[in-house]
1. Quick check on Arg283: is it of a type outside the set (A, V, I, L, M) and either more than 19 Å from Gly331 (Cβ to Cβ) or at pLDDT below 95 (or both)?
2. In the stretch 221-231, is there at least one residue being outside any helix (DSSP H, G or I), in contact with a Leu (Cβ under 8 Å, 6 or more places away or on another chain) and within 22 Å of Thr282 (Cα to Cα)?
3. Which residue pairs have Cβ atoms under 6 Å apart, sit 6 or more places apart or on different chains, and have a first residue in the stretch 179-203 that is closer than 18 Å to Leu138 by Cα and a second that is part of a strand (DSSP E or B) and hydroxyl-bearing (Ser, Thr, Tyr)?
4. Has the stretch 57-71 got at least one residue that is in contact with a helix residue (DSSP H, G or I) (Cβ under 6 Å, 6 or more places away or on another chain), part of a helix (DSSP H, G or I) and within 25 Å of Asp185 (Cα to Cα)?
5. Output the number of residues of the stretch 303-323 satisfying the condition of being touching a strand residue (DSSP E or B) at 6+ places or on another chain (Cβ under 8 Å) and surrounded by fewer than 13 Cβ atoms within 10 Å (Cβ to Cβ).
6. Assess whether Gly173 counts as being part of a loop (DSSP other than H, G, I, E, B) and within 14 Å of Leu73 (Cβ to Cβ).
7. Give the stretch 73-121 a look and list any residue that's open to solvent by less than 10 Å² (accessible area, probe 1.4 Å) and hydroxyl-bearing (Ser, Thr, Tyr), or say none.
Amino acid sequence: MPKVSILLPTYNAADTLNESLSSLSAQSFTDFEIILVDDGSTDGTHLLLDRWKEREPRLEVFCRAHEGIVGALQNGLAECKGDYVARMDADDLADPERLALQVSYLDNHPEVDLVSCRVTAFPPEAVRGGIKIYIDWLNGLMTHEQISREIFVESPLPHPSVMFRRETVIHVGGYEDHGWPEDYDLWLRMYLAGARFAKVPETLVAWRESAGRLTRADSRYSLENFLRAKAHYLVQGPTKGRDGVVIWGAGMMGRRLSKHLMRAGAGVDAFVDIDPKKIGRTRRGRPIIAPDDLLNRLERFRSPVVLAAVGARGARELIRKRLNFFGLIEGVDWWSVA
């Protein structure tokens, strides 16, 4: 059995797949198989794969009718034989040392279930300001504690950068389709199940930016669907058993998240905001209070929780300082969710 299975779904990727497979074939660590699931490509991917099967004996190709990324991932995961599964996308590139460094990390840290790495984006002309900010944030979250602290902010683990223990992911159900990002869904289920995450410090994956990338083209990766995912798992985790939920942020993000939380069964009690024009008013029938009134509000409850939901740049750190000053413990009394 191979030590590592590389799980690579593809759909109409003839323009980029050759580069991705070349980067895998050049890995310094050689004990792997490539489980490639072709999700009904119609562009010429088949011809490319026929040529690759002749030159790369570790490549196994599974063809299916086009149904979408989640089914392709789940079908591919069922075919993986390695103890470790490394994800890869058909348009990204892996550093030659990627597998070696991640295998070594998991071998030497049996308590860790998933290891990622730092990433970069290319080509430069396609990398916009938003993705640069996101990658800077991603690359700053290295330890389990850092990743877990901000797991409800956004997906802290780039999907094509991860290597995980196959049995751990199978245990939590593998990939599931809820209409929101399948990778973020998996990370949140793993987090709630007590899995541990880490990253190696090297930059080992180059993320290709393009207008056709699923994260831009597929509605499951929209902000609204990210909020649905957050609310679904916040109710199963941080807000479970809480008798008072206070959302810090009465603006767009807090308003939209509160809608999904209420639909999911969380009883939102109040909003906090610094805007004097909002303080004293209501949002979804709940009062908007000033930060200085927060502790008095929380004293009404036996087990309250605060969710910081302000998406403006720099706001998260300012709110963190204020809540720390109040003596509230992040990950216990409050979570960042934006």
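The values are calculated or read from the model by the stated rules, or taken from the named source; none is laboratory data. Nothing here was measured: the structure is a model prediction, and the numbers come from that model. Counting neighbours? That spans all protein chains shown, and the Cβs are built from the backbone with ideal geometry, glycine included. Side chains included, ligands, DNA and RNA excluded: accessible areas come from the protein's heavy atoms. Shrake-Rupley method; radii C 1.70, N 1.55, O 1.52, S 1.80 Å.
1. Here the answer is yes, as Arg283 does meet what is asked.
2. No: the stretch 221-231 contains no residue that is outside any helix (DSSP H, G or I), in contact with a Leu (Cβ under 8 Å, 6 or more places away or on another chain) and within 22 Å of Thr282 (Cα to Cα).
3. Lys199/Ser116; Thr203/Thr120
4. There is at least one residue in the stretch 57-71 that is in contact with a helix residue (DSSP H, G or I) (Cβ under 6 Å, 6 or more places away or on another chain), part of a helix (DSSP H, G or I) and within 25 Å of Asp185 (Cα to Cα).
5. The number of residues fulfilling the criteria is 1.
6. The answer is yes for Gly173.
7. Across the stretch 73-121, the qualifying residue is only Ser116.
Conditions (1) over 12 Å from the mean Cα position of the chain (by Cα); (2) more than 15 Å from Val115 (Cα to Cα); (3) of a type outside the set (S, T, N, Q); (4) open to solvent by 30 Å² or more (accessible area, probe 1.4 Å), marked per residue:
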site	(1), (2), (3), (4)
Thr143	yes, no, no, yes
Glu150	no, yes, yes, no
Ser161	no, no, no, no
Arg166	yes, no, yes, yes
Val169	yes, no, yes, no
